[in-house]
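These notes concern the structure reproduced below.
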Amino acid sequence: MFTKPFQILRITRLKESEKEWYKNQLITLYPLITDYRFTNQFLCKSDYVEVIRIKNSSSIYVDVLVVNKQPMIFVYGQMFPTVYFLWEYPECLLAFTTYFSVVEKLHDGALLMLHGVAYPKFSHYYPTVPDFERNTPVCVNQTTNKAAVAVGVTIESSITLCKRKHRGKCVYIYHYFNDQLCTINNAQLLPLPEMGYPEWMKESMKSISNLSLPKERQVSIKSRISSGCVGTEKCVGTDNSVFIANEILQKAAMDKLLLRCFFTTIKYSKSLQLPISVNSFCETYIVRASPILDITKSSHGNFYNFIEQLSKEGVVSLGDDGGIAKINYAHRIVKSFVYDPDEVPNVLIIHDAPLMNVENCYTVTTPVLPIFQPFGFIPGSVILASEVQNYVNGYVKYYCLQNKDGASALVRVDTYLRLLLSKDVGQFVELEAIKTEVLKQMTKCYRLTIRGIPTVCKGELKRIKIWVGFLCTCKKVTIVMYLEKYRINVDDLARDCEVIDNKCIKVYKTICQTEDRLYINGNQVAVVYNVLIKKYGIPEKCIRAPSFGVTRGVTS
């Protein structure tokens, strides 16, 4: 609405009685304002208040309430607070949290889409979805800063948005930070304040830090975080436990699947009779609803804890014997649930045939944290090597460091970049030089994904080396190295090679100081290569087998 310049039609100064009327209207429209400062300090006698009537580029007439030369309220059908007002009274509107990259699109005039909303989660599986109707005023903030950056209205009600399955339009944006409204009548543009993480994100961080883990693992995890280390090759432990972030995601997916099975049962089952014991309900309906459901892997641990949680939410009522006595079919979540066979939570399934993927990554360190902090990264976060350039470009755009007068490859040097480059630089520097220095300050690592389970390890991953040499007895052998870095058991690989080749292959290994070596009699490079590719899913780029011939002069 205020993306393009507008025309100022008239400016009127408010009287004291008119100030009081505006204040009462705001309290009526936005009862969430509980800050005592609003009643005592907003629109007080000493404030210079004007109402500016404007006509925007679409011929829409809007009244803007300007307090001490700063726009605080605009009237378009009803009163809406500006981002300046929300910085002072953030509890005024329901907040939708999105990502920095999405905010850039909002500045270009785009609507806020459902898949760009980080919170709240519009799904039947989240009982905490707030209730609101269509055209409800809301604000938009970021995952890294709860300061409002946009104001708009909801396109649909909360129940309708839950049925959209994270697709479609969500919020129509009227006003955003740094648009023409922020500088109305030559008003000074205020900087975006740093107000900390949103409250829901603080709770998520707290719940993650309070995960039930063995004490020895808690100590090791805390030590790795404090040292800025993502992990080592022994990061996953000797029991092949899943990387900690993956555990959280899997529990969330299993929770969603459990809710889906429960809602499907109570809404569509014709044989359900109440009251029923919790064990009978679980064995008769829930366990049979999905073959991949494992309640023990959910955050509830067992089905009775799950039912107790639903009882607190008011979805079910428990009898004196602890069984399910009544189901509240009038509950908003139950009423809005619609079974969709295509909407299945992405629960990890371990297949017999393992698949593998290797990605080169970098770890965010303290020296480069200002580059990545606007995007929600913290020290120790893992970023793909191919995406580092995008975040460097995003930092330049976020702080408006582009060279507007010259070549696009030059960037204006701010205080942080001057410290990062650690040398005498001029007013401008090449963008490629910034990227090179950022990569030097970051820690190299790689993400090895086996059977869908990612493991982050420091350093560079060595390629599996296969070649043919001769032992001291002049016997031709095929030598394989670095299998342990890909979690491949040497004995299993030898057994697979025997089956593929359909003949007896003598296999033995030696234990060196650095790695195990697998020796196979004869030239079996092609056999080993095919087994690694087809059976274990090793990417071709991770295998070093320059030729299937004999390499002379190699001994054990």
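Is it the case that the range 457-469 has a residue that's more than 22 Å from residue 532 (Cβ to Cβ) and either in contact with a Cys (Cβ under 7 Å, 6 or more places away or on another chain) or at pLDDT 80 or above (or both)?
Step one: list which residues in the range 457-469 are more than 22 Å from residue 532 (Cβ to Cβ), which gives 458.
From what is left, the residues that are either in contact with a Cys (Cβ under 7 Å, 6 or more places away or on another chain) or at pLDDT 80 or above (or both) are 458.
Yes: the range 457-469 contains one or more residues that are more than 22 Å from residue 532 (Cβ to Cβ) and either in contact with a Cys (Cβ under 7 Å, 6 or more places away or on another chain) or at pLDDT 80 or above (or both).
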Query - Residue identified as part of a strand (DSSP E or B), surrounded by fewer than 16 Cβ atoms within 10 Å (Cβ to Cβ) and either on the phi > 0 side of the Ramachandran plot or touching a helix residue (DSSP H, G or I) at 6+ places or on another chain (Cβ under 9 Å) (or both) among 54, 11, 27 - result: 11
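Mind checking which residues of the range 393-414 are polar (S, T, N, Q) and at pLDDT 80 or above?
Our first condition is that a residue be polar (S, T, N, Q); within the range 393-414, this holds for 393, 402-403, 408.
Across the range 393-414, the qualifying residue is only 393.
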Report task. Determine, yes or no, whether residue 310 is outside any helix (DSSP H, G or I), surrounded by 15 or more Cβ atoms within 10 Å (Cβ to Cβ) and at pLDDT 80 or above. Result -> no
Report summary line: Restricted to the range 87-122 and to residues being touching a Leu at 6+ places or on another chain (Cβ under 9 Å) and at pLDDT below 80, the residue nearest to residue 38 (Cα to Cα) is 120
Query raised in the report: Do the conditions hold for residue 138, that is, is it at pLDDT 80 or above, out of contact with any helix residue (DSSP H, G or I) (no Cβ under 9 Å at 6 or more places or on another chain), of a type in the set (A, V, I, L, M, F, W, C) and surrounded by 18 or more Cβ atoms within 10 Å (Cβ to Cβ)?
Result: yes
Report summary line: Of (1) of a type outside the set (Val, Ile, Thr); (2) part of a helix (DSSP H, G or I); (3) surrounded by 16 or more Cβ atoms within 10 Å (Cβ to Cβ); (4) out of contact with any Leu (no Cβ under 8 Å at 6 or more places or on another chain), residue 367 satisfies every one except (4)
Report task. Would you check if residue 471 is outside the structural domain of residue 497 (by the TED database) and in contact (Cβ under 8 Å) with a residue 24 or more places away in the chain? Result -> no
Query raised in the report: Taking the range 471-489 as the search range and keeping residues that are buried (at least 17 other Cβ atoms within 10 Å of the Cβ) and part of a strand (DSSP E or B), which one is modelled with the lowest pLDDT?
Result: 477
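Could you tell me whether the range 36-49 includes any residue that is in a loop (DSSP other than H, G, I, E, B) and surrounded by 18 or more Cβ atoms within 10 Å (Cβ to Cβ)?
To start, the set of residues in the range 36-49 that are in a loop (DSSP other than H, G, I, E, B) comprises 42-48.
Narrowing the set further to residues that are surrounded by 18 or more Cβ atoms within 10 Å (Cβ to Cβ) leaves 42-43.
Among the residues of the range 36-49, at least one is in a loop (DSSP other than H, G, I, E, B) and surrounded by 18 or more Cβ atoms within 10 Å (Cβ to Cβ), which makes the answer yes.
Being among the aliphatic types (A, V, I, L, M), surrounded by fewer than 18 Cβ atoms within 10 Å (Cβ to Cβ) and modelled with pLDDT under 50: is that true of residue 159 here?
Working: among the aliphatic types (A, V, I, L, M): yes; surrounded by fewer than 18 Cβ atoms within 10 Å (Cβ to Cβ): yes; modelled with pLDDT under 50: no.
Judged against the criteria, residue 159 is not a match.
Yes/no per residue for (1) more than 26 Å from the chain's Cα centre (by Cα); (2) in a helix (DSSP H, G or I); (3) at pLDDT below 80:
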residue: 133; (1), (2), (3): yes, no, no
residue: 146; (1), (2), (3): no, no, no
residue: 150; (1), (2), (3): no, no, no
residue: 167; (1), (2), (3): no, no, yes
residue: 170; (1), (2), (3): no, no, no
residue: 183; (1), (2), (3): yes, yes, no
residue: 190; (1), (2), (3): yes, no, no
residue: 196; (1), (2), (3): no, no, no
residue: 200; (1), (2), (3): no, yes, yes
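The values are calculated or read from the model by the stated rules, or taken from the named source; none is laboratory data. Source: prediction; values computed, not measured. Glycine also receives a Cβ, built like all others from the backbone with ideal geometry; neighbour counts cover every protein chain displayed.
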